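These notes concern the structure reproduced below.
Quick note: the coordinates plus some simple rules give every number you see, no bench work behind them. Predicted model, so just to flag it, every value in this text is computed and none were measured. Cβ sites come from the backbone with ideal geometry, for glycine too, and all protein chains shown count toward neighbours.
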Amino acid sequence: MIEPKKIWRPNNVKDAWEIQTNLKPSEYCFVSGGTWLRTQWEADLKEMPSNLISLEQIHEMKEVKESLSFGRREISVGSQVTLANCIKHPLLSEYLSPLVEACRQIAAPSIRNVATIGGNIYTASGDTIPAFLIHNARMHWFNGKQMETELMEEWLIGLQANEWRRDQRILIDISVEIDERSNDDFSFFQKVGRRETFTASLVTVAGKGKINKEGTFQEVSLAAGGGPIPLRLSHTESELQNTEGSEDLFETIFPMITKEFNATSDPFATSNYKKTTVANLIISELFEQWDGNGGVSNVAGS
Ligand SMILES: Cc1cc2nc3c(=O)[nH]c(=O)nc-3n(C[C@H](O)[C@H](O)[C@H](O)COP(=O)(O)OP(=O)(O)OC[C@H]3O[C@@H](n4cnc5c(N)ncnc54)[C@H](O)[C@@H]3O)c2cc1C
């Protein structure tokens with residue numbers, strides 16, 4: 001017999017929190033778009049609890065906003081913003097283009113119309129995570145009493161260390177600091193999956209940085225997903241800082257990336273395959289920036 005489920009639709013965060021205070025963790029779950037949850041329930045990987053607390057009526061979590069924080073400009077993306085709305089948003093297209101590209105490459109339009117940024121991140125393996133990590137994104141949570149702020153990278157490391165046990169908090173939004181764009185800036189997002197779209201990715205990479213007229217890399221941030229958790233590649237970033245692009249540099253960083261990126265094997269790809277793919281994707285993006293800046297011809301002409 002199918003047990004009747006109670007679906008709650010609070011219109012503010014405090015009410016959403018209140019509903020679960022008298023329930024055991026096994027008796028409820030928060031639902032955003034429900035696309036990930038539905039696949040878990042249908043595949044019997046998770047049991048559908050008797051109370052579903054939908055967050056979709058909470059309008060304050062559906063906005064993309066720009067604000068000033070301690071004199072710094074920042075963009076916050078509400079956890080209920082759908083992937084489709086991220087793709088259309090002019091602020092995100094201008095300042096967070098890797099995030100827009102990540103959303104564009106997730107599933108089919110029908111899923112993207114309901115799937116949210118919060119749900120994608122909360123799974124800890126969503127394709128949007130590397131695109132946030134390169135911006136040192138901060139997550140803002142409601143814990144029942146107050147708001148908490150946590151670096152996304154620290155949240156991911158904590159999850160892995162605690163064997164994926166999640167505390168019960170509501171993710172409100174994710175914020176990143178932004179700078180004025182300059183001609184030296186570059187950014188990218190790449191995904192390799194088993195097919196073009198509709199399937200989970202094997203690996204994802206995101207990057208941003210600057211390359212000046214002399215072909216020197218600065219402030220490069222790199223992140224990759226496809227391992228236990230998506231993470232920044234900080235050793236490779238340090239090697240690139242203030243270093244002039246050259247074929248030698250790319251040869252040096254290739255093994256650095258394969259060493260630093262902690263991939264896991266799965267039924268579809270070995271960890272070595274994923275490491276090599278991530279290194280190739282990153283190097284081809286950096287090479288393109290350097291070459292587009294006169295890289296190879298500068299060397300040939302010098
Ligand atoms: C056909 C198909 C293809 C897919 N392809 C991809 C893909 O290519 N790349 C990819 O990354 N993902 C993919 N997904 C997975 C998934 O749809 C997306 O990750 C989606 O963004 C999840 O968002 P959602 O709003 O539907 O999350 P939900 O299913 O509503 O929730 C996911 C989890 O997050 C929790 N949660 C949601 N919001 C909050 C919140 N605000 N606070 C606290 N907890 C919260 C829920 O309790 C649940 O545990 C695919 C799914 C399907 C069905």
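The protection proxy used here, the mean number of other Cβ atoms lying within 10 Å of each residue, ranks peptides 8-14, 115-121 as follows, highest first: 115-121, 8-14. A protection proxy built from the mean count of other Cβ atoms within 10 Å ranks the segments 241-253, 41-53, most packed first, as 241-253, 41-53.
On a straight-distance basis, which aspartates and glutamates could pair with Lys62 in a cross-link, Cα separation under 15 angstrom, same-chain partners fewer than 8 positions away excluded? Cross-link targets: Asp173.
If you take the Cα centroid of segment 5-49 and the Cα centroid of segment 81-154, the two points sit 20 Å apart. If you bin all the Cα-Cα distances of the chain at 10 Å, starting from zero, the percentages per bin are 6, 26, 33, 22, 9, 3, 1, 0. Please report the net charge: other residues with Cβ closer than 14 Å to the Cβ of Ser54, K and R +1, D and E -1. With Lys, Arg at +1 and Asp, Glu at -1, the net is +3.
Distance distribution P(r), segment 59-177, all Cα-Cα pairs, bin width 10 angstrom from 0: 14, 49, 32, 6 percent.
Kindly point out which whole DSSP H helices in the chain project their C-alpha atoms 30 angstrom or further along the helix axis while averaging a Kyte-Doolittle hydropathy of -0.5 or above. For the chain, where a helix must reach 30 Å along its axis and average at least -0.5, the hits are 271-292.
Taken along the Cα-to-beta-carbon direction at a fixed 7 Å, the label points for Glu180 and Glu154 span 3.1 nm.
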